[in-house]
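Down below is the structure, laid out as structure tokens.
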Amino acid sequence: MRMTALSFISLTVLFALCGCASSGHYATATFDRRFSFPADHASHDDFQTEWWYFTGHLELEDKSETGFELVFFRRKTEHLFRMGLPVWWFANPAYVSHFAVTDPIKNAFKFDERIGLRMPLKGGASSDRLLVWSEDWRAEAFANGNIRLSAKMKDYSIDLILAPKKLPILHGEEGLSRKGSKGTLGYYYSITRLEVSGYFMRNGENMQVKAGQAWMDHEMFSGSISPDVSGWDWFSIQLDDGSDLMACLLRRDDGTLDPFSYGTLIRPDGSVFRFMKDEFSAVELEQWTSRKTQITYPIRWRILLPAESLDLILEAVMPDQELTPVATEIDYWEGAMRVIGTKGGSPIKGKAYLEMSGRGEKFKI
Amino acid sequence: MQSIRPSFLQIAKMNFSLIITVLVLLQSVCGCALLPAEYKTIENGGPVVLPRDMYMVPDYQVQWWYYTGHLTSEEGKEFGFELVFFIRRTEQDRVLGIPVYNYSTPAHMAHFAITDLQSKNFSYSDIHNKDFFTRNGNAGALRNSLCIWNGDWSVKEIGNLYYLKASMPQYDLSLALTPKKPPILHGNQGRFIKAARSDKQAGTFYITIPRFEAEGTLFVEQKPYKVTGSVWMDREFGTHQLAKDQIGWDWFGIQLDNGTDLMIYLLKRKDGSYETQTSCATWIEPDGTSRTIPFSKIKIEKLKSWTSPRTDTEYTVQWRIKIEPEDLEMTIIAVLNDQEIDSSASTMIKYWEGKMTVNAMYRGKEIKGKAYLEMCGNAHPITYLSSFPALKDQKS
């Protein structure tokens, strides 16, 4: 459940002009869909909005706990305006991509973006297989199921092979979830653990990735999130005992959580426990305020899932992991986290990524 | 034929001229001494140790990783490609009298070519330390794993697979290669002699992985094609590889449909004849066992030639080659006549490297295959893979 930055080319303008997002001629997520893999890793062109999200933790030769985020958005642009101009004249769909690196060795967090708008269109996605690109950044799956990610920015580049270690997990009801009480329905599944190998380049020096683990999300939907939802906090947690946890909090304007906040736990044996808002809690423990945007983000959290006797503390690898992309005009925080805690009373450790959106300006889509 | 000259190349060339101008001025101030350098050769280097010698080796003057392959899209479109990375130590090199190490050490160069059978189009691009002014020219190679990059072009070993990436304005290639045969050591345990004298031997260490299964994506004019195919890889490193009277070579990498692969290396002399002593072939069985076939057992007939209108150079584009001990007779025909590369922006060689089809009789049965052919020295003598005209200054 992640819509960060998805209001590609100022949806605020769109909403001001149109009042609401029309999903009339797009496909709608329904309960009777059966997912099939790897075919469903490909692009679903009949949906208005789709994204592929990769986050991960790398161990390099220098033993750092390096984090990366690489996301590709596909967005149909009918009804979409920017500066009074119809976006669909230029690109439909539009492909936007964000790439971020968390580098504790250099105490650096860097991000960049690609807008597949340059003519001829330099973004695209295949509807036959997982192949999505925006200019020179790309995610591409091979026949053995492995996925190659390549992206570069000024000081960093990645060329990674992600090997799935678990089957795709459907969130919500058979992959279907509601984007807030008054929001649209969407499909969402994850590959919660992929083994990472490949190369990481810092300042022109390539380094072999010694070990690493990644998480992949794929979502598609048409229409918009509940209008009273201002943003969300999304967690992807990988524990050292082999269990993985996704949790998504939909924050409403009045400070309460939308009842469609939910999550999924994948136990080490592969069995799945799906839970809703009242079955878990997420407590903010420590704040950090961005100097750039003046937005305050919680960077330490406690997550409790009583049914599984899970009690976790999440702590940002570094406070500043805020992205302020230009094209999407949505500031958000997405960063690598360390995890410590207990499971059934015994200590446990892990790694996580956290995404927080809508903490400054209200998020609209 | 359409030669793609991307803008970065022109920029690189401009930079190149600029640097040279600056260096000419500097030179008058600083002098122009070359650096002393002791390179290892096939006489005092080796033996080949794998996998170490597949990675960058620092002690030799020149080395390369050569990938050629045959690709077919799901729709049945056919393509050939060449992607090669060169690294050359430059302590002993000059361009226009100026020591090269001042601006490029080592020099990283790369060539990328696509033969597009649909459009009958041959396109290529060549680069020398792409992004000239950035640190390392944004090119490099690792010594502890197979990882070579030059700008956005790269070959990287990840897991047990090899990943290639290269692009030019019209084409963008990304491949995953699964090796189907072990590395083959040519000559004597990889010591491949090209010039034999009573006092001196010259050549390279030469290793081939003759067959990979390839899969990936080729973008043609921004449209992605899913491709599969077979790829050949050559790895050579050495110092002083040719003799004075040798001007180049004709090289074949042949993949027969029965799983046999064949490398043929013909060294060309100034008088147009082939070197009888060192020219040879390596026969590689489907299971990866290999043996050398001497030149005396190879019968070569040149059937048809083509002359490049740009360089006025003549190349043989149809061949008949007999490997007598194996009872194999092949007719090898270029899929396009014009697969000539002018690498003046990088290695400064004009050569021909192209995709070929093979029709053969093998022990009385018809058999087909694919090949790549490289013809070097037709346009001008190749002096030690001489990237730089300055090498003519060197004594052999």
Worksheet item: How many residues are in contact (Cβ under 8 Å) with a residue 60 or more places away in the chain, of a type outside the set (S, T, N, Q), more than 17 Å from A:Arg114 (Cα to Cα) and assigned to a loop (DSSP other than H, G, I, E, B) if we restrict to region A:318-335?
Response: 2
Response to the item:
Heads up, the strands (runs of 3 or more DSSP E) in region A:258-301 (entirely inside) with at least 1 residues that are at pLDDT 95 or above and among the polar types (S, T, N, Q) are A:262-266, A:281-289
Worksheet item: Condition test on B:Lys299, is it modelled with pLDDT of 95 or more, surrounded by fewer than 13 Cβ atoms within 10 Å (Cβ to Cβ) and more than 29 Å from B:Ser123 (Cα to Cα)?
Response: yes
Item to complete: Working only within region B:35-94, note down all residues that are closer than 24 Å to B:Glu215 by Cβ and polar (S, T, N, Q).
Response: B:Thr68, B:Thr72, B:Ser73
Item to complete: Mind listing whichever residues of region B:189-220 are at pLDDT 95 or above, farther than 30 Å from A:Arg138 by Cβ and either surrounded by fewer than 20 Cβ atoms within 10 Å (Cβ to Cβ) or within 14 Å of chain A (Cβ to nearest Cβ) (or both)?
Response: B:Gln189
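Suppose we filter A:Phe273, A:Phe235 for residues that are over 15 Å from A:Lys179 (Cα atoms) and in contact with a Cys (Cβ under 9 Å, 6 or more places away or on another chain); which single one remains?
On the way: A:Phe273 fails: in contact with a Cys (Cβ under 9 Å, 6 or more places away or on another chain).
Matching residue, one of A:Phe273, A:Phe235: A:Phe235.
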Worksheet item: Would region B:216-231 turn up any residue that is assigned to a loop (DSSP other than H, G, I, E, B) and out of contact with any His (no Cβ under 9 Å at 6 or more places or on another chain)?
Response: yes
Item to complete: Hey, can you tell me all the residues within region B:153-180 that are within 11 Å of another protein chain (Cβ to nearest Cβ), in a loop (DSSP other than H, G, I, E, B) and in contact with a strand residue (DSSP E or B) (Cβ under 6 Å, 6 or more places away or on another chain)?
Response: B:Gly159
Worksheet entry | Residues located in region B:66-115, provided they are in a strand (DSSP E or B), touching a strand residue (DSSP E or B) at 6+ places or on another chain (Cβ under 7 Å) and surrounded by fewer than 21 Cβ atoms within 10 Å (Cβ to Cβ) | B:Thr72, B:Ser73, B:Glu78
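Where in region A:20-136 are there strands (runs of 3 or more DSSP E), lying wholly inside it, with at least 1 residues that are away from every other protein chain (no Cβ under 14 Å)?
Qualifying strands (runs of 3 or more DSSP E): A:49-59, A:65-75, A:94-103, A:108-115.
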Worksheet item: Which members of region A:282-299 meet the condition of being of a type outside the set (Val, Ile, Thr), closer than 22 Å to A:Asp258 by Cα and in contact (Cβ under 8 Å) with a residue 24 or more places away in the chain?
Response: A:Ala282, A:Leu285, A:Tyr297, A:Pro298
Fill in: Pairs with Cβ under 8 Å, 6+ apart, first in region A:35-54 and touching a residue at least 24 places away in the same chain (Cβ under 8 Å), second among the β-branched types (Val, Ile, Thr) and assigned to a loop (DSSP other than H, G, I, E, B)
A:Thr49/A:Ile365
Worksheet entry | Hits in region A:174-188 - residues which are over 18 Å from A:Ser230 (Cα atoms) and surrounded by fewer than 21 Cβ atoms within 10 Å (Cβ to Cβ) | A:Glu174, A:Leu176
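Here is a yes/no grid of residues against (1) crowded, with 24+ Cβ neighbours inside 10 Å; (2) closer than 21 Å to A:Pro319 by Cα:
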{"residue": "A:Gly67", "(1), (2)": "yes, yes"}
{"residue": "A:Phe73", "(1), (2)": "yes, no"}
{"residue": "A:Arg82", "(1), (2)": "no, no"}
{"residue": "A:Asn92", "(1), (2)": "no, no"}
{"residue": "A:Val96", "(1), (2)": "yes, no"}
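Any idea which of A:Asp258, A:Asp269, A:Asp244 is surrounded by fewer than 12 Cβ atoms within 10 Å (Cβ to Cβ) and not polar (S, T, N, Q)? Can you show your working first?
On the way: A:Asp258 fails: surrounded by fewer than 12 Cβ atoms within 10 Å (Cβ to Cβ); A:Asp244 fails: surrounded by fewer than 12 Cβ atoms within 10 Å (Cβ to Cβ).
After ruling out the rest, the residue left standing is A:Asp269.
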Worksheet item: For region B:232-274, what are the residues that are farther than 21 Å from B:Met330 by Cα and outside any strand (DSSP E or B)?
Response: B:His240, B:Gln241, B:Leu242, B:Ala243, B:Lys244, B:Asp245, B:Lys270, B:Asp271, B:Gly272
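Name the residue, out of B:Arg94, B:Arg89, that is free of Cβ contacts under 8 Å to residues at least 60 places away in the same chain, more than 12 Å from chain A (Cβ to nearest Cβ) and charged (D, E, K, R). Lay out the reasoning, then the answer.
On the way: B:Arg94 fails: free of Cβ contacts under 8 Å to residues at least 60 places away in the same chain.
So the residue among B:Arg94, B:Arg89 that is free of Cβ contacts under 8 Å to residues at least 60 places away in the same chain, more than 12 Å from chain A (Cβ to nearest Cβ) and charged (D, E, K, R) is B:Arg89.
Take the residues in region B:83-101 that are more than 18 Å from the chain's Cα centre (by Cα) and β-branched (Val, Ile, Thr), then tell me which one is modelled with the highest pLDDT.
Within region B:83-101, the subset more than 18 Å from the chain's Cα centre (by Cα) is B:90-101.
Checking the rest, the ones that are also β-branched (Val, Ile, Thr) come to B:90, B:95, B:98, B:100.
On the way: B:Thr90: 86, B:Val95: 73, B:Ile98: 76, B:Val100: 76.
Ranking the candidates gives B:Thr90 first.
When you check B:Lys223 against the structure, is it modelled with pLDDT of 95 or more and either within 14 Å of chain A (Cβ to nearest Cβ) or touching a strand residue (DSSP E or B) at 6+ places or on another chain (Cβ under 7 Å) (or both), yes or no?
Working: modelled with pLDDT of 95 or more: no; either within 14 Å of chain A (Cβ to nearest Cβ) or touching a strand residue (DSSP E or B) at 6+ places or on another chain (Cβ under 7 Å) (or both): yes.
Spelling it out, it is not the case that B:Lys223 is modelled with pLDDT of 95 or more and either within 14 Å of chain A (Cβ to nearest Cβ) or touching a strand residue (DSSP E or B) at 6+ places or on another chain (Cβ under 7 Å) (or both).
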Item to complete: Identify, from the list B:Tyr362, B:Tyr372, the residue that is at pLDDT 95 or above, touching a helix residue (DSSP H, G or I) at 6+ places or on another chain (Cβ under 9 Å) and among the hydroxyl-bearing types (Ser, Thr, Tyr).
Response: B:Tyr362
Worksheet item: When you scan region B:227-242, how many residues do you find that are modelled with pLDDT under 95 and of a type in the set (A, V, I, L, M, F, W, C)?
Response: 1
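Any residue in region A:157-167 that is free of Cβ contacts under 8 Å to residues at least 24 places away in the same chain and within 28 Å of B:Asn160 (Cα to Cα)? Let's see the steps before the verdict.
First, the residues of region A:157-167 that are free of Cβ contacts under 8 Å to residues at least 24 places away in the same chain: none.
No, region A:157-167 contains no residue that is free of Cβ contacts under 8 Å to residues at least 24 places away in the same chain and within 28 Å of B:Asn160 (Cα to Cα).
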Response to the item:
Within region A:207-234, the residues that are out of contact with any Gly (no Cβ under 8 Å at 6 or more places or on another chain) and of a type in the set (A, V, I, L, M, F, W, C) are A:Met207, A:Ala211, A:Met216, A:Trp234
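A quick yes/no check of all residues on (1) at pLDDT below 90; (2) on the phi < 0 side of the Ramachandran plot:
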| residue | (1), (2) |
| --- | --- |
| B:Gln10 | yes, yes |
| B:Met14 | yes, yes |
| B:Gly31 | yes, no |
| B:Pro47 | no, yes |
| B:Pro58 | no, yes |
| B:His70 | no, yes |
| B:Phe81 | no, yes |
Discussion item. I'd like to verify a number: residues in region A:161-172 that are more than 8 Å from chain B (Cβ to nearest Cβ) and either out of contact with any Phe, Trp or Tyr (no Cβ under 7 Å at 6 or more places or on another chain) or farther than 21 Å from A:Phe31 by Cβ (or both), how many?
Written reply: 5
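Touching a residue at least 12 places away in the same chain (Cβ under 8 Å), farther than 28 Å from A:Asp155 by Cβ and surrounded by fewer than 23 Cβ atoms within 10 Å (Cβ to Cβ), is that true of A:Lys210?
No: the conditions fail for A:Lys210.
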Worksheet entry | Restricting region A:196-217 to residues that are small (Gly, Ala, Ser) and facing another protein chain (nearest Cβ under 10 Å), the residue that is nearest to B:Glu157 (Cα to Cα) | A:Gly198
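Just to check your reading of the model, which residue among B:Thr316, B:Thr331 is over 13 Å from B:Asn378 (Cβ atoms) and of a type outside the set (A, V, I, L, M, F, W, C)?
Numbers: B:Thr316 fails: over 13 Å from B:Asn378 (Cβ atoms).
Exactly one residue qualifies, and that residue is B:Thr331.
The values are calculated or read from the model by the stated rules, or taken from the named source; none is laboratory data. Everything numeric here is computed off the predicted structure, so don't read it as measured data. Don't worry about glycine lacking a Cβ; one is built from the backbone with ideal geometry, like all the others, and counts go over all protein chains shown.
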